[in-house]
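Only one structure is covered here, and it is reproduced in the block below.
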Amino acid sequence: MLIDLHTHSNCSDGTDSPAELIRHARDASLDVLALTDHDTSDGWDEARRAAAAQELQLVPGMEISCLHARAGVHLLAYYLDPDYPPLAAELDKIRAGRINRLPAMLAGLREAGIAITQADVDGVSTEASSPGRPHVADALVKLGVVRNREEAFDRYLGWGRPGYVSHYATELAEMLTLVRQAGGVSVVAHPWGRGSRRVLTAGVLADLAAIGLTGIEVDHLDHDAAARAQLTEIGSELGLVATGGSDYHGTGKLDHPLGGETTDLEQFERLQAAVP
């Protein structure tokens, strides 16, 4: 059984509609797929209908923007109720923070000599609940400024670049509690990739496990073999579920194919068993 627990649609920063994502998952011979758009459940209903038609098991989820020790950390949450009022309020604040920073981002890019407007971003983010940096990157690609999202982030949108502006995110420990209260389970996404490795030490992961963390995403393209081995050992010692996912974004990330990283069936069953 092939299980991919980390994917995105155009309801956040992917390029496939939820229905297209499900069709592509079937084409990739996946049996189970989690839709984990950033800070939103907007794609769930469409994905559920498409998954039922394709006889594919859909796991409803989202990837939530969090902070720990002033560093950005992403939390994969599954089977949660997005309408649970305290959680819904936090998700609203996160999405609003992403939207509200756009004027400052665009101003920074214009100061760097790039003629970009809000209309340019709106033109490439028509289905997204909260346009963010990936959509600005897509606008830069469409304007011919860069070749792809990766170049856009490297040159203009990453930390310290002209278009970088931080946005609101929930403290990680607080979000772990909210996800649990909303009936969900939580997995730290790509914990040792990008900038989160310096704050997600083995000791911190132990602390998070003690307050409700369910698992860690071990198999992700951001992790090399050594990181995967160490994370597997840490997870085993802490009793955490070890998941894997492609982090598929359609044409937004060409090197993240559906099913490129997967979750073992036994680990998936442990994740399901942990749902309150």
Item to check | Inter-label distance for residue 96 and residue 23, nm, one decimal - labels placed 7 Å from Cα along Cα-to-Cβ | outcome: 3.8
Checklist outcome for this item: Rg/Rh over Cα atoms for the stretch 139-276, Kirkwood Rh, comes to 1.01
Checklist outcome for this item: Treating only Lys and Arg (+1) and Asp and Glu (-1) as charged, each at its beta carbon, one finds that the chain has a dipole about its Cα centre, in Debye to the nearest 20, of 880
Checklist entry - Can you give the convex hull volume per residue for the Cα atoms of the chain, as a whole number of Å³? => result 117
Checklist entry - How large is the helix-only mean residue ellipticity at 222 nm for the chain, computed as the sum of -39500 (n - 2.57) over DSSP H runs with n ≥ 4, divided by its residue count, in deg cm²/dmol to the nearest 500? => result -11500 deg cm²/dmol
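Over the stretch 212-276, what lengths in whole Å, largest first, do the semi-axes of the equivalent ellipsoid take, defined as the square roots of 5 times the eigenvalues of the alpha-carbon gyration tensor?
Values: eigenvalues 99, 45, 15 Å².
Calculated on Cα positions only, the semi-axes equal 22, 15, 9 Å.
Pull up the DSSP beta bridges for the chain and report the antiparallel fraction as a percent, rounded to 5. List each step's numbers first, then the result.
On the way: 12 of 30 bridges.
Among the beta bridges of the chain, antiparallel pairing accounts for roughly 40 percent.
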Checklist outcome for this item: For the stretch 155-170, in residue order, the Karplus 3J(HN,Hα) values (coefficients 6.51, -1.76, 1.60; θ = phi - 60°; whole Hz; Gly and Pro = x) are 8, 10, 10, x, 4, x, 8, x, x, 7, 9, 6, 9, 5, 8, 7
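In debye to the nearest 20, how big a dipole does the stretch 102-157 give about its Cα centre with +1 on each Lys and Arg Cβ and -1 on each Asp and Glu Cβ?
Numbers: 6 positive and 8 negative charges, 20 e Å.
My answer is approximately 100 debye.
Using square roots of five times the C-alpha gyration tensor eigenvalues, list the equivalent-ellipsoid semi-axes of the stretch 102-157 in whole Å, biggest first. Intermediate values should be presented prior to the final figure.
Working: eigenvalues 48, 33, 20 Å².
Each semi-axis is √(5λ); the values are 15, 13, 10 Å.
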Checklist entry - What list of ³J(HN,Hα) couplings, whole Hz, do you get for the stretch 195-208 from phi and the Karplus terms 6.51, -1.76, 1.60, once you set θ to phi - 60° and write x for glycine and proline? => result x, 8, 4, 5, 9, 9, 6, 4, x, 5, 4, 5, 4, 5
Checklist entry - If you take the charge dipole of the chain about its Cα centre, with +1 on Lys and Arg Cβ and -1 on Asp and Glu Cβ, which of 117, 215, 258 is farthest toward its positive end? => result 117
Next on the checklist: Can you report the principal axis dimensions of the stretch 51-142 using only the alpha carbons, biggest first, rounded to whole angstrom?
Outcome noted: 47, 39, 21
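Any idea what the dipole of the stretch 54-162 comes to, in debye rounded to 20, about its Cα centre with Lys/Arg Cβ at +1 and Asp/Glu Cβ at -1?
On the way: 12 positive and 14 negative charges, 117 e Å.
Rounded to the nearest 20 debye, it is 560 debye.
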Checklist entry - Which far-off residues, 5 or more places away or on another chain, put their amide H under 5 Å from the one on residue 39, with H placed in the peptide plane? => result 63, 64, 65
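All of the numbers you see were taken from the coordinates with simple rules; none came from a lab. In this text, all values refer to a predicted model and were calculated from it rather than measured experimentally. Cβ atoms come from the backbone with ideal geometry, glycine included; neighbour counts cover every protein chain shown.
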